[in-house]
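The values are calculated or read from the model by the stated rules, or taken from the named source; none is laboratory data. Quantities reported herein were computed from a predicted structural model and do not represent experimental measurements. So basically every Cβ, Gly included, is an ideal-geometry build from the backbone, and we count neighbours across all protein chains shown. Accessible surface areas use protein heavy atoms only, side chains included; no ligands, DNA or RNA. Shrake-Rupley method; radii C 1.70, N 1.55, O 1.52, S 1.80 Å.
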Amino acid sequence: MSGTTEVEKTDPGNAPSTASADRALQREAVAALYDAKTRDGDALNARLASGDLLFFNHNGVVDPKRGRNVDEPLDEAARLQLLHELEIDLVAVGLDHLGPLGPSALVLDSGCGAGGGGLSINRRFGCGVEGFTLSTEQARFGNAAATILHVDDRVRFDTADLREKPFEPARYDAVWACESTEHFEDLPALFSRFRAALKPGGRVVVIAWCAGEGEEAERLKAQIDEHYLTLIHTPAAYRDAIREAKMTLVDHVDLTDMTTPYWRLRERSEHATGSERFMGDGYAQRLTTYELFAFEAA
């Protein structure tokens, strides 16, 4: 039994639009993907978070300033620890472009995942963080971690679709969006929502996988989008969206060379997930790139 009444079948006014139906299906699929990733305690991301409760679903980087050696022989425990440190380093690099922020600031963590980024923002600046994800399991893990780390009075995670969630105007001092904009088709609309939610002078930092150009890059984009349920965009699409949202690009950093060694290290792990080869090769050949954009209201 479908649960669809005859009136709903015949009355166009009661039928959801194709766009709305597609949006709901995509939302459900992404939520289910990250629910499963968070529940699986033996999977790579959960193992990396088991010590400090900083659960990430994003790349790491080899920051030359930190002197990490990813080429030395490592046993699996040391390899997992290094992978986690490289993911922490990625957040540190991004937060260099977000601040300075004080304890009274409030940050929107857009697509917060299981809370690793939001908890890191609080740890760095002492500020409040409100994070939103489609995944109930990610929000549950993030809130549990915040409680255990005694910052639940400052850091909170919830479920919401940021294409639709109402925001109080000028609520946030900054917006952090690390590997979440890849799930949004309409970047100008998203960035316009960020602009409305920001206080005057507030800054947005986006870190994203970006699509390359040419037939080989298009094939890789299709593979990435299918595997991760993403809609990755070109760097030019990000720059155009920033302008359309009436914001000003302040910093643009190509992190591709810094993230490629992370993927090679992951490929050697006993807990590799299956995407390491095509992601690592894609970055090495620059068929896809890893980019940071920092921008403010114009």
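Note that the stretch 146-298 presents 46 Å² accessible area per residue, ligands and nucleic acids not counted, probe 1.4 Å.
When the alpha carbon gyration tensor of the stretch 212-298 is reduced to an equivalent ellipsoid, the three semi-axes, largest first, read 27, 15, 11 Å.
Available extension along the chain between residue 159 and residue 272 is 37.9 nm, counting 0.36 nm per residue and deducting the alpha carbon span. Summarising the strand pairing of the chain, around 45 percent of its internal DSSP beta bridges are antiparallel. The calculated pair-distance distribution of the chain uses every alpha carbon pair, bins of 10 angstrom beginning at 0, and gives 6, 27, 36, 22, 7, 2, 0 percent. Counting only DSSP H runs of at least 4 residues, each contributing -39500 (n - 2.57), and dividing by the residue count of the chain, the helix-based mean residue ellipticity at 222 nm comes to -13500 deg cm²/dmol. For the chain, with all protein chains in place and a probe radius of 1.4 Å, 50% of the accessible heavy-atom surface sits on carbon or sulfur.
Accessible area per residue for the stretch 29-131 is 38 Å², calculated with a 1.4 Å probe on protein heavy atoms, without ligands, DNA or RNA.
Model label sites at residue 52 and residue 236, defined 7 Å from Cα along the beta-carbon direction, differ in position by 3.9 nm. The count of lysine pairs in the chain that are at least 8 places apart or cross chains, and whose C-alpha atoms lie under 25 Å apart, stands at 5. At an R0 of 35 angstrom, the distance between the Cβ atoms of residue 104 and residue 218 translates into a FRET efficiency of 0.15. Annotation for the stretch 205-298: GluC sites (Glu not before Pro) lying in DSSP loop with at most 14 further Cβ atoms inside 10 Å of their Cβ are 213, 270. Under the simplified labelling scheme, the residue 69-residue 149 pair shows an inter-label distance of 3.0 nm, with each label point 7 Å from Cα along Cα→Cβ. Model label sites at residue 171 and residue 226, defined 7 Å from Cα along the beta-carbon direction, differ in position by 3.8 nm. If R0 equals 51 Å, the separation of the Cβ atoms of residue 257 and residue 192 corresponds to a calculated FRET efficiency of about 0.95.
Placing unit charges on the Cβ atoms of the charged side chains and taking the dipole of the stretch 63-132 about its Cα centre, the candidate lying farthest along the positive direction among 101, 120, 74 is 101.
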